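Nothing in this text is a laboratory measurement; each read-out follows from the coordinates by a stated rule. This is a predicted model, so every value here is computed, not measured. FYI the Cβ positions are ideal-geometry reconstructions off the backbone, even for glycines, and counts take in every protein chain you see.
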Ligand SMILES: Cc1cc2nc3c(=O)[nH]c(=O)nc-3n(C[C@H](O)[C@H](O)[C@H](O)COP(=O)(O)O)c2cc1C
Ligand code: SF4
Ligand code: SF4
Ligand code: SF4
Ligand code: FES
Ligand code: FES
Ligand code: FES
């Protein structure tokens, strides 16, 4: 990195990649993986999500991790953003709930109402 | 009679490997200045604890008096001069955990393992430690076993959990 | 791989209410569904809720099913385990479990917050430097490198940013002193020791947004004329260390650390130093000794680190959260920073909500937010319908904020007026069941353990205070103890060398100030009003409530309870060790604790 110009290029490039509307992926699942999330079982949630996507033969949904979202009481938390839909954050995502989220939200297109902790406005 | 370190290393390739690993770590340091605590961390990782011969080795390699090395080892809770069990159970007694009933968890663990904090079970399976907050306070009470952190623990849950660690 | 565990109660009461066959049904159903290898059925002893038995608990989620019969046990397998749907009709619904009641929409937890320090935490992948850049990361460094160092310090001074590590010292002044100090090389240090038990803001930033700290430290290096930085992270935070290490590597790769950053000729690099479990190392002079690889004992100030710090060279030391504010101040300016918060304490503050509060977690709010908003609106109040008693801030160096101050705006100065400190942001909520004498004793025990021993008032004085507190809680309090505690506290405060000793008596003083009646009850009436202090309790059985179920007698570890089946039981007070097991086990409310 030698200049601000280069920095700007990376920023634009990454923004493009992160923007679902332009991305090749259909959606993104973010699992909060701070100490606290992991202690509450975020790894199990991550494994369950990947496994469930695999089972359903879904390959155009990205699964990524983030730091913590701060709501320890509802950990593990997972955020699902599907193309052209507001992002939804879920709490209490254990193995079973993670699978529900994949089946009902990612696959079925229905928000899993009883697990929602936050919805984003677009 | 105590054998000197070199002879012991000759006889014990496992031990030699450990000392080689420590030597390699020290060799790669950009500067020895201020590196003592980092070196001790690495040594404890390799040996599981800090026996006298390791401390002597470190004092020689870093070129500082043994008293300095011992002084540092005894100052910090994290360093142990006695061997630890195969699994280290750390019960958090930080404030958040305390007000959410960590004492009961601690008592249950003591009872289940039959040891107090700082001790190791006779079969060498578990060592018990107390910690003051591991930063997962939102999930208090918290117990850490080896590298796994368990939140929202209860005496019963922890007792069951311990069975998982052979 | 085991994915679930079914805990089936095999205690006496449950077997008689049909447990054996419930277990058989469960095992059969698991086999039918071909998941017997994934689900483990475990028989447990009495779960202490016999009137609800037979009981089945599904782990890991901890779903508690009651009154399971041979007929409906299959539902647990077919609905819960196979389809992932909880079986509503068997769910246990008690106030405590209503806490877990499913939320069906947004919770106010997020809507009330102002995310600055935490803006990237949970929003970006901490392992991706690109995502940090996409959120304007490292642009502040770029901008700063085009400014004169004095200009940067000017902005910080104008912003009014105060150190978030506890004392609230104006950050701009510190930077100015470090810049003006004679001597070279100079160092930049980040204090990530976060020793206050119950605080976890800094951990979350180090784990969730490590690049913001790297960027800020580089800016600091440029501003004060340093080329080397150290981040001191406690050993209890392995994930933070790992993520930060990784981030440093990435920053080097991208050229934000190293030689001639962004082609400007400015060199800067960062190294991690790991703590080793000593609370006193959060104190800045002790921390610097620890970075040098020595015993972490504090030294007298002045000289301040800005004049003589690491290896006696000028050293700038700030807290993690303080640094996390810097890039955004450079980008958006001092005015922007001052747009929230109070005049003397501008900006936001991250609090770690823990203890007896519904929504435990990290919350970032403008300085000057009231405790009521924090605990009740954002925090969702106290679980189990209990009453709020107090919030403890500042950890072992702080004190309590009581219910009467729920509406006081919280900032550095207001909390001082009522005898506590802002501290680093740990906020432990205490409900009506907490004994304030016990809480104060807890903190004092912490300081006794953590005193480095260098000076006598702190080393011996806190120990004496602790003994007195112990005596009071054990029922051996004497007339004059409150006065003795206060007097000793004053001496310790006045004569200790470092902040640890100087503030160690605060939890005691603060609780004496607001809860003297509780101290008096312990000392003079030998009673613990909150029923916490074990030695001041008596357990007894109310004859007309006891049905003679024998549960308590079976639980008592010292066999202090006698009685025959279906006859009234009695506790032998001379044997009772006040362990409380019987109290927990009686489901007829026959055991009194007072
Ligand atoms: C006993 C004691 C413990 C401390 N622990 C911490 C700590 O864990 N983290 C921290 O940032 N500051 C801690 N401090 C405050 C530091 O000494 C120092 O004031 C702070 O790091 C300066 O950074 P700031 O100006 O950004 O707040 C502690 C102070 C004392 C007296
Ligand atoms: S006040 Fe306590 S912690 Fe501080 S230097 Fe003295 S003995 Fe050590
Ligand atoms: S409190 Fe403990 S020791 Fe005392 S009677 Fe009850 S079970 Fe027995
Ligand atoms: S006090 Fe009576 S009713 Fe209560 S557990 Fe004991 S025997 Fe049963
Ligand atoms: S601290 Fe990150 S969710 Fe608890
Ligand atoms: S107090 Fe136990 S994890 Fe923080
Ligand atoms: S015997 Fe089943 S809960 Fe007590």
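Below are the figures for this structure:
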{"item": "10 Å Cβ neighbours from other chains, averaged over peptide C:205-211", "result": "4"}
{"item": "For chain A: relative contact order, % (alpha-carbon pairs under 8 angstrom, 6 or more apart)", "result": "26"}
{"item": "Hull volume in cubic angstrom per residue (convex hull over the Cα atoms of the protein assembly as shown)", "result": "184"}
{"item": "Crossing angle, helix C:238-253 versus chain C [Cα axis fit, 0-90 degrees, rounded to tens]", "result": "30"}
{"item": "Residue C:572 paired with residue B:46, simple spin-label distance in nm, labels 7 Å along Cα-to-beta-carbon", "result": "5.9"}
{"item": "Stokes-Einstein D for segment C:348-431, Kirkwood Rh over Cα pairs, 10 °C, 1.306 mPa s (µm²/s)", "result": "130"}
{"item": "Chain C: relative contact order in percent, alpha carbon pairs under 8 Å with at least 6 residues between", "result": "11"}
{"item": "Top of B:83, B:155, B:65 by mean-square fluctuation, Gaussian network on chain B, Cα under 10 Å", "result": "B:65"}
{"item": "Kirkwood Rh and Cα Rg combined as Rg/Rh, segment C:129-338", "result": "0.93"}
{"item": "Distance cut-off 13 Å, percentage of C-alpha pairs in segment B:5-75 lying past it", "result": "63"}
{"item": "Residues B:150, B:106, sorted so that the one with the fewest Cβ neighbours within 10 Å comes first", "result": "B:150, B:106"}
{"item": "Estimated distance in nm for a label pair at residue A:15 and residue C:301, the labels positioned 7 Å out from Cα along Cα-to-Cβ", "result": "4.2"}
{"item": "Cα-derived Rg to Rh of segment B:1-144, Kirkwood definition", "result": "1.05"}
{"item": "Kirkwood-based Rg to Rh ratio, segment C:243-344, C-alpha trace", "result": "1.03"}
{"item": "Shape metrics for chain A, restricted to C-alpha atoms - Rg then Dmax, Å", "result": "15.3, 49"}
{"item": "Spin-label pair residue C:517/residue C:169, simplified geometry with 7 Å Cα→Cβ offset, distance in nm", "result": "4.1"}
{"item": "Shielding by other protein chains, C:275-282, mean Cβ within 10 Å", "result": "4"}
{"item": "10 Å Cβ neighbours from other chains, averaged over peptide C:347-359", "result": "4"}
{"item": "Least to most buried among C:38, C:518 (fewest other Cβ within 10 Å first)", "result": "C:38, C:518"}
{"item": "Residue C:418-residue C:344 FRET efficiency (beta carbon distance; Förster radius 25 Å; 0.05 resolution)", "result": "0.95"}
{"item": "Tensor-based shape of chain C (alpha-carbon gyration tensor, a/c under 1.5 rounded, otherwise prolate or oblate)", "result": "oblate"}
{"item": "Between 0 and 90°, nearest 10: helix A:42-55 axis offset from chain A longest Cα axis", "result": "90"}
{"item": "Angle in degrees between helix B:52-61 and the longest Cα principal axis of chain B, rounded to the nearest 10", "result": "50"}
{"item": "Relative exposure of C:111, C:511, B:95, judged by other C-beta atoms within 10 Å (fewest first)", "result": "C:111, C:511, B:95"}
{"item": "Spin-label proximity, residue C:246 to segment A:15-54 - amide N less than 16 Å from point 7 Å beyond Cα toward beta carbon", "result": "A:30-39, A:42-44, A:46-47"}
{"item": "Rg(Cα) / (2.2 N^0.38 Å) computed for segment B:87-163, rounded to two decimals", "result": "0.96"}
{"item": "Residues residue C:387 and residue C:83, FRET efficiency given R0 of 41 Å [Cβ-Cβ distance, rounded to 0.05]", "result": "0.50"}
